[in-house]
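This report refers to the structure that appears directly beneath it.
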Amino acid sequence: MKAQNKSLLLFSGEAYNVEQGVTNELFQTERDETPSCQFATVPNSLTDTTAPAALDAISDIEKFSFFMRFLAPPTPSPDTPGGAASIATAGTCSAVPVAPLSPRPR
């Protein structure tokens, strides 16, 4: 997400529109605005309030944002050499001489 969108819904709406060319409730303008390329006058994916089932009523971008919300964070690999321990000890190599920091004289 790169912290450029305020929500997962906004991110998914933009991704569907920019990457796949699917218009939706948040991004209703086609990427190619050539009149001969306009096949639908409404967004390609909408919330369908008349759908018989709740899952069918949800738009594609809402389903995608729900999917992202339920993803678990990655599990650290136990066989990764170093891993978190190497990050915790970064900068403490005894082979590199480091002068101690002292306050600047005033």
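So Thr34 ticks every box in (1) within 21 Å of the chain's Cα centre (by Cα); (2) loosely packed, with under 12 Cβ neighbours inside 10 Å but one. Which box is left unticked?
(1)
Could you please find all residues in region 37-54 being under 27 Å from the mean Cα position of the chain (by Cα), under 15 Å from Asn17 (Cα atoms) and surrounded by 10 or more Cβ atoms within 10 Å (Cβ to Cβ)?
Those that are under 27 Å from the mean Cα position of the chain (by Cα), under 15 Å from Asn17 (Cα atoms) and surrounded by 10 or more Cβ atoms within 10 Å (Cβ to Cβ): Pro43, Asn44, Ser45, Leu46.
Cβ-Cβ distance below 7 Å, separation of 6 or more or different chains: which pairs start in region 50-66 with a residue that is farther than 26 Å from Lys6 by Cβ and end on one that is not hydrophobic (A, V, I, L, M, F, W, C)?
Close Cβ pairs (under 7 Å, with a partner that is not hydrophobic (A, V, I, L, M, F, W, C)) amount to Asp56/Asp48.
Which one of these does Ala57 not meet: (1) of a type in the set (A, V, I, L, M, F, W, C); (2) loosely packed, with under 12 Cβ neighbours inside 10 Å; (3) more than 22 Å from the chain's Cα centre (by Cα)?
Every condition holds for Ala57 apart from (2).
Please determine whether any residue of region 13-20 is of a type in the set (Val, Ile, Thr), under 17 Å from the mean Cα position of the chain (by Cα) and under 17 Å from Ser65 (Cα atoms). Explain how you work it out, then say what you get.
Of all residues in region 13-20, those of a type in the set (Val, Ile, Thr) come to 18.
Imposing the further condition that a residue be under 17 Å from the mean Cα position of the chain (by Cα) reduces the set to 18.
Now narrow it down to the ones that are under 17 Å from Ser65 (Cα atoms): 18.
Taking every residue of region 13-20 in turn, at least one turns out to be of a type in the set (Val, Ile, Thr), under 17 Å from the mean Cα position of the chain (by Cα) and under 17 Å from Ser65 (Cα atoms).
Since every read-out is calculated from the coordinates, none of them should be taken as a lab result. Small disclaimer: the values here were computed from a predicted structure and weren't measured. Because the Cβ atoms are built from the backbone with ideal geometry, glycine has one as well, and the counts that use them run over all protein chains shown.
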